[in-house]
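Peer 1: A single structure is presented below for examination.
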């Protein structure tokens, strides 16, 4: 997805510029709304060729929403919601592998108490 808010948010995350990335969250959420509408329009169609496009539109909306969720100010909510949306964007055949990779990364984290 090469839409400007997606590219800008990914660039900001790559540069560890969370301030800039966070400011793009509203733009990303607007894009999700647009992509969700595209999905619903295609899924309401009775043409079978639209089923494939509807699936792609759904995946795009979920992927962009995963990025928007990752920018939440609460890091736990950000991670949980982003993981959920990301897995929903994937083909069913790779979801288990994705979730296994997530679990492996989580097991490797060192948790420190804040307070």
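The values are calculated or read from the model by the stated rules, or taken from the named source; none is laboratory data. This structure is a prediction, so every number in the text was calculated from the model and none was measured. In this analysis, Cβ positions are derived from the backbone assuming ideal geometry, glycine residues included, and neighbour counts consider all displayed protein chains.
Peer 1: Checking residue 107 against (1) modelled with pLDDT under 95; (2) in contact with a helix residue (DSSP H, G or I) (Cβ under 6 Å, 6 or more places away or on another chain), only one condition comes out false. Which one?
Peer 2: Answer for residue 107: the failing condition is (2).
Peer 1: On the given criteria, is residue 30 touching a helix residue (DSSP H, G or I) at 6+ places or on another chain (Cβ under 6 Å), more than 26 Å from residue 109 (Cα to Cα) and either free of Cβ contacts under 8 Å to residues at least 40 places away in the same chain or surrounded by fewer than 17 Cβ atoms within 10 Å (Cβ to Cβ) (or both)?
Peer 2: no
Peer 1: Next question. Looking for something surrounded by 14 or more Cβ atoms within 10 Å (Cβ to Cβ), under 18 Å from the mean Cα position of the chain (by Cα), in contact (Cβ under 8 Å) with a residue 24 or more places away in the chain and part of a helix (DSSP H, G or I) - is there at least one such residue anywhere in region 77-95?
Peer 2: yes
Peer 1: Output the residues belonging to region 12-23 that are over 13 Å from residue 69 (Cβ atoms) and within 15 Å of the chain's Cα centre (by Cα).
Peer 2: Correct list: empty.
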